[in-house]
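Asks: The structure under discussion is supplied below as C-alpha cells; questions concerning it will follow.
Derivation of every value follows stated rules applied to the coordinates shown; laboratory data play no part. Predicted, not measured: the structure shown is a model, and the values here were computed from it. With ideal geometry, Cβ positions are generated from the backbone for all residues, glycine too; neighbour counts draw on all protein chains shown.
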Amino acid sequence: AADNETVLAALLHDVGQFCPAKELRRMLVEDIGGGDLDVGAAGHEKLGAEYLRKVGFSDNVCDLVESHVVAKRYLTATDPEYYTGLSQASKLSLKFQGGPFTSDEAEAFERDPLFKQKVQLRKWDDASKVV
C-alpha cells in the first residue's frame, strides 16, 4: 500500500502542465524574486513542484512531483522492456529530458530515500495512459 504523500503526488504530478503561465510567472518570478527566470525553460515537473512548494505542500510531495521525469530516465536505463513499452511521444521527450541515466546516475538515484516511491509514481503515471 502506498503512503498518502505518494498518492497525493501521483494525483498532482502534472500540475505544472496546467498552471496558467501568468500565475506561474507571478509565483516563480515576482514572489520569489528571480526576475530573470525564463519560465519556459523549465520542465513541467520542476514548475509543478515549485508551484506546490509555494502553496504549502510538503517537501516529500514536491520531491515526488519533481521526480517523475528522472524516474523515467532511471527506468529506461535499467529495464529494456520499459523503454520498449513507451509511446513514440514519450521516447521523443526522453531525448529532451536527458536520455536514459548512466550507470552512475542510476546508482545515485537508487540511494535516494524516496527511490521506491518515485519509481512507483512513474509506473502509475504510465499505467494511467493505457486505454
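Asks: For residue 91 and residue 104 in one chain, what is 0.36 nm times their gap in residues minus the Cα-Cα distance, to one decimal in nm?
Replies: Numbers: separation 13, 0.36 × 13 = 4.68 nm, distance 2.14 nm.
Working it through step by step, the gained length comes to 2.5 nm.
Asks: Pick out, in residue order, every one of the trypsin sites (Lys or Arg not before Pro) in the range 82-131 that is DSSP loop and has at most 13 other C-beta atoms within 10 Å; say none if there are none.
Replies: Working: sites: 91, 95, 111, 116, 118, 122, 123, 129; in loops: 111, 129.
For trypsin sites (Lys or Arg not before Pro) across the range 82-131 that sit outside H, G, I, E and B with at most 13 neighbouring Cβ atoms in 10 Å, the list reads 111, 129.
Asks: Give, as a single signed number, the net charge of other residues whose beta carbon lies under 11 Å from the beta carbon of residue 48, with Lys and Arg counted +1 and Asp and Glu -1.
Replies: Working: positive: 46, 53, 54; negative: 14, 45, 50, 66.
Charge balance near residue 48 sits at -1.
Asks: Leaving out same-chain residues fewer than 8 places away, which lysines sit with a Cα under 29 Å from that of residue 123?
Replies: Correct list for residue 123: 46, 54, 72, 91, 95.
Asks: Report the label-to-label distance for residue 17 and residue 125 in nanometres (one decimal), using points 7 Å from each Cα along the Cα→Cβ vector.
Replies: Modelled inter-label distance: 0.9 nm.
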